[in-house]
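A quick write-up on the structure given underneath.
Taken together, the values in this text are just the output of simple stated rules run on the coordinates, not laboratory data. Every value quoted in this text rests on a predicted model; they were computed, and no experiment measured them. Glycine also receives a Cβ, built like all others from the backbone with ideal geometry; neighbour counts cover every protein chain displayed.
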Amino acid sequence: MKRKSIRPPNRHALQLAAANRRLNREIVQRRLAEESLKKSERHYGQLLGESRRMQEQLRHLARQILLTQEEERKQISRELHDEIAQTLAGINVYLAALKAEATGSVNGLGRNIARTQRLVEKSVNIVHRFARELRPTVLDDMGLIPALHSFMKGFAKRTHIKIHFTAFAGVEQMNNTKRTVLYRVAQAALNNVSQHAHASRVKVSLQKFPGAVRMEINDDGKSFQVERVLLAKRNKRLGLVGMRERVEMVGGSFSVESAPGKGTTVRAQIPFGSSTTI
């Protein structure tokens, strides 16, 4: 009986089997890596979505804070005007009556009352100014353009800075929130000019653009590094951040340009329905 001889495995077959095993391991590793990558992508996608939601929540919160501040300003302004100012005015009336009744024998009484009257009048003027700055009644009663005229007149008188103001009447057709935003931008920008720019002239304009209203405030004062100021932890021009937040709150865009020899230009562009008749 003949025995069958067992041939040793072919070298090529062994190499092929080893290559197959390596390939299978690589396939498994690649699948694991792909699954891990997909999980990472989903995880980062979730984190990105959460970050965006948090940013939107923060923006919504900022808008609510600004709206709440505006309502509080309005209430304080009314109280200052209607209660405190009227009380001081009443005191002044009584002082005037006392002055008229003072006899000639009381030499110092008339002078003291006159001095007190001047102090009361000064207090009334200060209260009126604070009330106008907090929430000018003319903005609600007459509109944006008269409110800006009134503010700029007082600003020019206090600072001796000349202001040239141009506007188009159709801006009054914007809703109250948007008109308030434009008023606050002008107020903050001009306050920055008086405190930091050392300017002598300012141009303020309200222009109609397709689907938008643009406000520009340009001064001839010294320039500054816009990005550095906006990103600074202790911002000397705090109004810039507030202006940008207010404008973005109503879907607008805000920008600042500043260059040596050209001063600073603040721009706020707010959507305005193209269907509105101007």
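Being farther than 26 Å from Lys74 by Cβ and surrounded by fewer than 14 Cβ atoms within 10 Å (Cβ to Cβ), is that true of even one residue in segment 144-158? Talk me through it step by step, then tell me what you get.
First pass over segment 144-158, keeping only residues farther than 26 Å from Lys74 by Cβ: none.
No, because not a single residue in segment 144-158 is farther than 26 Å from Lys74 by Cβ and surrounded by fewer than 14 Cβ atoms within 10 Å (Cβ to Cβ).
Can you tell me which of Glu35, Glu56, Glu50, Glu26 is within 26 Å of the chain's Cα centre (by Cα) and over 30 Å from Val185 (Cα atoms)? Give the derivation first.
On the way: Glu35 fails: within 26 Å of the chain's Cα centre (by Cα); Glu56 fails: over 30 Å from Val185 (Cα atoms); Glu26 fails: within 26 Å of the chain's Cα centre (by Cα).
Testing whether each residue is within 26 Å of the chain's Cα centre (by Cα) and over 30 Å from Val185 (Cα atoms) leaves just Glu50.
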